[in-house]
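The values are calculated or read from the model by the stated rules, or taken from the named source; none is laboratory data. Only a predicted model underlies this, so the values are computations on that prediction, with no experimental measurement involved. Heads up, the Cβs are rebuilt from the backbone with ideal geometry, glycines too, and the neighbour counts pull from every protein chain shown. What goes into the accessible areas is simple: the full protein's heavy atoms, side chains included, and nothing from ligands, DNA or RNA. Shrake-Rupley method; radii C 1.70, N 1.55, O 1.52, S 1.80 Å.
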Amino acid sequence: MASRETPLHGTHDDLGAKFTDFGGWQMPVEFDSIRVEHAAVREEAGIFDVSHMGQIEVSGPDATTLMQRLTTNDVTALDPGESQYSAITRADGVIIDDTIVYRYPDGEAAGAADDETSFLFIPNAGHDEQMYDRWVDYRDDEALDATVENTTESWGMVAVQGPDAPRLVADAVTELEESAPASSVSEFSRNEAGFGTIAGARCFIAKTGYTGEPGFEVMCPTDAAVDVWGAFDCQPCGLGARDTLRIEKGFLLSGEDFHPEDEPHTPYEAGIGFAVKLDTEFIGRDALEAQKEEGIEERFTGVKLLDRGVPRGGYELRADGEPVGHLTSGTMSPTLSEPIALGYLSTDCEEGDQISVVVRGDEKRAKVVTPPFV
């Protein structure tokens, strides 16, 4: 199957980007270099094409019930213009995907009536069709009255991230709609979002991101994506810098730090128990309640290599020569110039403990570090 292309593919090609397949999409890995792009986001600002992320819109009389049953957080806590991080789990509590759920202003979702409750949720790259099917199947099985639309192909999406990002976005917004949570995007709190105009296009502007820096993610119609991208004068960034930035902050990557078959973990094991609300009824709730009572045997955490080398996903972790876990992500930190990694470690190991990482058969000294690293 041919890879999908974002509406910004030609723009990236003109800028000399190097591409790779990611989640079934042709995506830029880097424009200048990962180190340059990483530093721009930590020190000033960078812009990412994140149009490969899915967009699923849900509305109707039973939209809240449908979202509540299929995500682990409590969507009833959301007012219009607010969002929350959540997990999507199987009946056994294992994470299928993680997501951001937005409560749209009423009537905003595709196919919604003017006064109908509306949500948008963002599956990870390549998961939009799977999640659409999951929502539709559950809706139909439970005879719920809700409209579900996969609008991934209708939207372009960019992320402007870094200390200068709030100013850049505020300067680019020429009009903010009354339904927005504040009169200016500069006044948005984290996880707030609203509709406004950028480069002549009506955009959904959210104070969210995946870098650990201040910033916004902007959704726009696909035919406006090139103009919206061009509205921001900052460093273009690819997936390479996006990965090193998120590793430094200890953020999970779907398919790498968890996967329902290859790397099965629950939210408690993956360190996102804060996104689980056991007083709601969702698929996987009973299994997670039992695990919370019994406790976990391994947890997602950080490791810093003390010897020379670069830690990578799949490397074994040992303590006193015995296996105690494994890595799922690793890199040479551009900010620290030190090798860092994320993975799953026995709960018997604590912050600061010295362990070892098995690199090509050799044990390299390392220590346990609770993320973020920077």
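Data for the structure
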quantity: Among the residues listed as Arg69, Arg103, the single one being open to solvent by 30 Å² or more (accessible area, probe 1.4 Å), of a type outside the set (A, V, I, L, M, F, W, C), touching a Phe, Trp or Tyr at 6+ places or on another chain (Cβ under 7 Å) and under 19 Å from Gly209 (Cβ atoms); calculated: Arg103
quantity: Lone qualifier among Gly60, Gly46 - being buried (at least 19 other Cβ atoms within 10 Å of the Cβ), under 24 Å from Gly238 (Cα atoms) and touching a strand residue (DSSP E or B) at 6+ places or on another chain (Cβ under 6 Å); calculated: Gly46
quantity: All helices (runs of 4 or more DSSP H) inside the stretch 1-100 with 1 or more residues being farther than 27 Å from Asp140 by Cβ, at pLDDT 95 or above and hydrophobic (A, V, I, L, M, F, W, C); calculated: 34-43
quantity: Hits in the stretch 229-245 - residues which are within 21 Å of the chain's Cα centre (by Cα), farther than 16 Å from Glu43 by Cα and assigned to a helix (DSSP H, G or I); calculated: Trp229, Leu239, Gly240, Asp243
quantity: Lone qualifier among Ala225, Ala231 - being over 19 Å from Leu345 (Cα atoms), of a type in the set (A, V, I, L, M) and open to solvent by 10 Å² or more (accessible area, probe 1.4 Å); calculated: Ala231
quantity: Pick from the stretch 311-324, criterion exposed (fewer than 15 other Cβ atoms within 10 Å of the Cβ) and assigned to a loop (DSSP other than H, G, I, E, B), ranking: modelled with the highest pLDDT; calculated: Gly314
quantity: Every pair of residues 6+ apart whose Cβ atoms lie under 9 Å, when the first sits in the stretch 314-326 and is within 12 Å of Ala366 (Cα to Cα) while the second is at pLDDT 95 or above and among the charged types (D, E, K, R); calculated: Arg318/Glu363; Ala319/Asp348; Ala319/Asp353
quantity: Selection from the stretch 280-310 of residues that are open to solvent by less than 30 Å² (accessible area, probe 1.4 Å) and either β-branched (Val, Ile, Thr) or free of Cβ contacts under 8 Å to residues at least 12 places away in the same chain (or both); calculated: Thr280, Thr301, Val303
quantity: Any pair with Cβ under 8 angstrom, 6 or more apart, that starts in the stretch 247-264 at a residue that is within 17 Å of Gly212 (Cβ to Cβ) and ends at one that is assigned to a helix (DSSP H, G or I); calculated: Leu253/Asp243; Leu253/Arg246
quantity: Residue within the stretch 135-147 that is touching a residue at least 12 places away in the same chain (Cβ under 8 Å), surrounded by 22 or more Cβ atoms within 10 Å (Cβ to Cβ) and basic (Lys, Arg) present; calculated: yes
quantity: The stretch 204-222, subset small (Gly, Ala, Ser) and open to solvent by less than 10 Å² (accessible area, probe 1.4 Å), residue farthest from Met332 (Cα to Cα); calculated: Ala206
quantity: Some residue of the stretch 190-197 being of a type in the set (A, V, I, L, M, F, W, C), touching a residue at least 60 places away in the same chain (Cβ under 8 Å) and in a loop (DSSP other than H, G, I, E, B); calculated: no
quantity: Test for Gly126: is it closer than 28 Å to Ala231 by Cα, open to solvent by 10 Å² or more (accessible area, probe 1.4 Å), free of Cβ contacts under 8 Å to residues at least 60 places away in the same chain and assigned to a loop (DSSP other than H, G, I, E, B); calculated: no
quantity: Any hit, the stretch 5-21, residues being over 17 Å from the mean Cα position of the chain (by Cα) and of a type in the set (Phe, Trp, Tyr); calculated: yes
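To keep it simple, each residue is scored yes or no on (1) part of a loop (DSSP other than H, G, I, E, B); (2) not hydrophobic (A, V, I, L, M, F, W, C).
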| position | (1), (2) |
| --- | --- |
| Ile247 | no, no |
| His265 | yes, yes |
| Phe282 | yes, no |
| Gln291 | no, yes |
| Arg299 | no, yes |
